[in-house]
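Right, one structure below, let's go through it.
The values are calculated or read from the model by the stated rules, or taken from the named source; none is laboratory data. Bear in mind that the values here come from a model prediction, so they are computed numbers and not experimental data. All Cβ positions, even for glycine, are placed from backbone atoms using ideal geometry, and neighbour counts span all protein chains on display.
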Amino acid sequence: MQRWLPRSLAVRVTLLCALIAAWTTCMLGMFYFFSARTAILAHADEQLMARAEHFRRMVGDVRTVEELRERSMLFEALLGSADDVLVLRRSGEAPLVEINPARAALPPGLVVGQVHDVPGQPRMHWVSALSGSGPDGVPIEIVAGHPLVSEMQMIAMSRDKAITGTAMAMLAVTLLVWLVLRHGLRPLHRVAAQAAQINPINLAIRLPEHDAPQELREMVAVFNAMLDRLSTGYERLSQFSADLAHEIRTPVGTLIGQTQVALNRARSPAEYQQLLESNLEELNRLRLIVDNILFLAQADHATLDVQRTPLNMAEELRLIAEYFEGPADEAGLRFAVQAQGSASVNTALCRRAVHNLVVNALRYSRPGTTVRLIGSESEAASTIAVENDGEAIPPEQLERLFDRFYRADAARGRPAESSGLGLAIVKAIMALHGGEARVSCTPQGTIRFELVFPLKPRPAT
């Protein structure tokens, strides 16, 4: 059914409205036509019966047969048209008076007082009446007939008017519907024109909602929300590509530069070994970046199957503190563990997330301060927090700390071993757990990262 329908919505609605108009006007036209036809025929029958009744009274006043025949001219003058029929007769005898210009055959078996329509004859109605008594006391039958010539012409005119009115009404309704739809669909054209201006270079354009019809506002709002998501994703992808190029350019440039310097002249085995060790360090850094990007890509597409088991937070945080005790001593820092309860987590992923937070804390803590590892359990969730004291972070930068490759300092002054993906990985791990990663900072520079694991895991988003 869809194949033969036109693609234009305006044409579809116009055709449907035209069909509805045609059906409605046809019904009204037929009602008008049959009502007029019934009224015309009923009026003709009433006149015929009234004429027969008038003739019956006139016949009753006649005294002799000769007087009856002398009045034949009067009877003829009282007929409705030149083709009308009037017959006065007695049962079994020849007609006393017969006015029948068209020589129409009288139908047999007429019932007195009823209008008859005889099949097989042209449209002609007959009526019969009996006079009270004839000149000699014998009743006389009055037979009157009327050909429906003028009435049929009137009926044909009514039919033509009904057909003409139906056609004109259908055309008028179709034209009006088309004009109304063209005017009513202008907001769609404006929306389409606005949408045509949207391109990857200019994703800030949004469809107008204030002047959109009520039926389109929901669609426009949903479309604008989709554009917001696309714009955010495109911006993040562009930033991600730029930051990724920046991160990879440094180790690749280092590898190329060191190799070119080594090839300028012959080197001793020790120098070549030192070059290879330096190149291996840069290659390991590239591998770490690639591994982190691969993990984030898998997390974004929900390709990781997270199996959760109970985790003793106090024991796990103590092990992590012991693992990072050496780097903490080198940075002049110390650990404090305060934890109790358990959490339903994937142990490997949870450990990786906490490791990233601890590495971040060791990197940005002030020397001589304490990195605090905190674990707590409530009725709704388990929380692991990492606190450290460092430089205060402005509020507008806190929420962006979990963005990929984002750096709070414009100079990008991180140590060379940082890939800028640690906190983004933390956020992805929490999304896989159906939890949430939070960050807060006091004016004094106390930075607190929280990992909230719900007791009843929610679907990852």
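Observations on the structure shown:
- Filtered residues of region 251-268 (kept if hydroxyl-bearing (Ser, Thr, Tyr) and touching a residue at least 12 places away in the same chain (Cβ under 8 Å)): THR254, THR259
- The residues in region 17-45 that are of a type in the set (Asp, Glu) and modelled with pLDDT of 85 or more can be counted, and the count is 0.
- Checking the stated criteria, ARG182 turns out to be under 25 Å from ALA21 (Cβ atoms), surrounded by fewer than 16 Cβ atoms within 10 Å (Cβ to Cβ) and not assigned by TED's automatic domain parsing to the domain that holds ARG229.
- Among all positions in region 359-377, there is no residue which is within 52 Å of the chain's Cα centre (by Cα), on the phi > 0 side of the Ramachandran plot and either modelled with pLDDT under 90 or in the same structural domain as LEU423 (by TED's automatic domain parsing) (or both).
- Looking only at region 340-364, residues that are without any contact (Cβ under 8 Å) to a residue 40 or more places away in the chain and either surrounded by fewer than 20 Cβ atoms within 10 Å (Cβ to Cβ) or farther than 24 Å from ILE429 by Cα (or both) come to 6 in all.
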